Amino acid sequence: MLKVWFGDRENAIYDTSTFFKNRYEDKWITDDFAKKVIKDIDKSEVIDANNIMSPVLGSISPTSLSGGVKALILMKNLPGKIFNATNCGDNCAKWILELGNSRNLTINLYHVMHFDAPSFEIRILNHRSLIVHNMQEFLDAGVKYLREDQ
């Protein structure tokens, strides 16, 4: 299940680009999930573990991927870690939901991410028993808990 904490979260990884640069493994880049995410979000093609073909930048290394893609790859490969998903755009939301549907995934947010799905289940960790099922409920929770965090 996807779990969201609005605001500061102890032990969350905030600098996903630096964390990715120092922790990623070649096999993470060539797995099916990474290939799909890289194609969808960065519009790029994985050639091999060290070469990604970008239509804008040409041949790039995995460390040159967008921050959102790096965060998603980390979320998939390091279960149990909490990642700040605020640097992910809304184009990452469907992938975050997909990961949350297949495992326990905890993220923290400083904004209300737009999950473009008619229904979902997300546990709001600021209030242990709150599970939201749609964007209206998620928005209401985000507004409430982001205000309290200030």
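With labels modelled as points extended 7 Å from the Cα through the Cβ direction, what inter-label distance (nm, one decimal) is found for residue 103 paired with residue 49?
Taking the two extended label points, one gets 1.9 nm.
So how tilted is helix 32-42 from the main axis of the chain? Cα-based, degrees 0 to 90, rounded to 10.
For 32-42 against the chain, the angle is about 80 degrees.
Please list, by residue number, every one of the GluC sites (Glu not before Pro) in the stretch 1-59 that is coil in DSSP and has at most 16 other beta-carbon atoms within 10 Å.
Details: sites: 10, 25, 45; in loops: 10, 25.
Here the GluC sites (Glu not before Pro) that fit, given the DSSP loop and packing criteria, are 10, 25.
List, in the order given, every pair from 21/144; 36/144; 43/144; 21/43 whose Cα-Cα distance in the structure shown is over 29 Å.
Values: 21/144 35 Å; 36/144 34 Å; 43/144 35 Å; 21/43 20 Å.
From the list (21/144; 36/144; 43/144; 21/43), the Cα-Cα distance tops 29 Å for 21/144; 36/144; 43/144.
Evaluate the Debye formula for the stretch 1-65 with equal point scatterers sitting on the alpha carbons, no solvent, and hand back log10 of I(q)/I(0) at q = 0.14, 0.16, 0.22, 0.28 Å⁻¹, in q order, two decimals.
Log10 of I(q)/I(0), two decimals: -0.50, -0.63, -0.94, -1.20.
Place a +1 charge on the Cβ of each Lys and Arg in the chain and a -1 charge on the Cβ of each Asp and Glu, then give the dipole magnitude about the Cα centre in debye, rounded to the nearest 20. Mind dumping the intermediate values first?
Details: 18 positive and 19 negative charges, 48 e Å.
Result for the chain is approximately 220 debye, rounded to the nearest 20.
Just tell me the longest site-free run in the chain, where the sites are trypsin sites (Lys or Arg not before Pro) in a DSSP loop having at most 14 other beta-carbon atoms within 10 Å. Could you put the intermediate results ahead of the total?
On the way: sites that count: 43, 103, 128.
Counting at most 14 other Cβ atoms within 10 Å as exposed, the longest clean stretch of the chain is 44-102.
Please state the relative contact order of the stretch 60-120 as a whole percent: Cα pairs under 8 Å, 6+ residues apart?
On the way: 58 pairs, mean separation 21.4, N = 61.
The value is 35 percent.
Measure nothing but the geometry: give the 0 to 90° angle between the long axis through the Cα atoms of 93-102 and the longest principal axis through the Cα atoms of the chain, rounded to 10°.
Helix 93-102 sits roughly 80 degrees off the main axis of the chain.
For the chain, what is the relative contact order in percent, using Cα pairs closer than 8 Å and at least 6 residues apart in sequence?
Numbers: 253 pairs, mean separation 48.5, N = 150.
Computed value for the chain: 32 percent relative contact order.
Whole Å is fine, so just give me how far the alpha carbon centre of the stretch 106-150 lies from that of the stretch 38-98.
23 Å
Give the percent of DSSP beta bridges with both residues in the chain that are antiparallel, rounded to the nearest 5. Let's see the in-between values first.
Values: 9 of 22 bridges.
Once the DSSP bridges in the chain are tallied, antiparallel ones form about 40 percent.
What full-extension length gain, to one decimal in nm, is calculated for residue 133 and residue 148 as 0.36 nm per residue of separation minus the Cα-Cα distance?
3.2 nm
Can you tell me the length gained on complete extension of the stretch residue 114 to residue 35, counting 0.36 nm per residue apart and subtracting the Cα distance? Don't skip to the end; give the middle numbers.
Numbers: separation 79, 0.36 × 79 = 28.44 nm, distance 2.29 nm.
Full extension from residue 114 to residue 35 adds 26.1 nm.
Is it possible to state the helix-based mean residue ellipticity at 222 nm for the chain, with each DSSP H run of 4+ residues giving -39500 (n - 2.57), the sum divided by total residues, to the nearest 500 deg cm²/dmol? What is it? Write out the running numbers ahead of the final one.
On the way: 6 runs with 59 residues, N = 150.
Value at 222 nm, helices only, nearest 500: -11500 deg cm²/dmol.
When each pair of different Cα atoms in the stretch 80-150 is counted once in the 1/r mean, what is the Kirkwood radius in angstroms, to one decimal?
12.5 Å
Rounded to the nearest 10 degrees, what's the angle between the helix 135-149 long axis and the longest principal axis of the chain, both from Cα atoms, 0 to 90?
Value to nearest ten degrees: 80.
Among [x] 8.7; [y] 9.4; [z] 12.2, find the value of mean projected area of the Cα convex hull in nm² that was calculated from the structure presented, and write down its label.
Given [x] 8.7; [y] 9.4; [z] 12.2, the structure-derived one carries the label [x].
Here, each number is a calculation from the coordinates, and none is a lab measurement. Since the structure is predicted, the reported quantities are computational estimates derived from the model, not experimental observations. Virtual Cβ from ideal backbone geometry, glycine too; neighbours counted across all protein chains shown.
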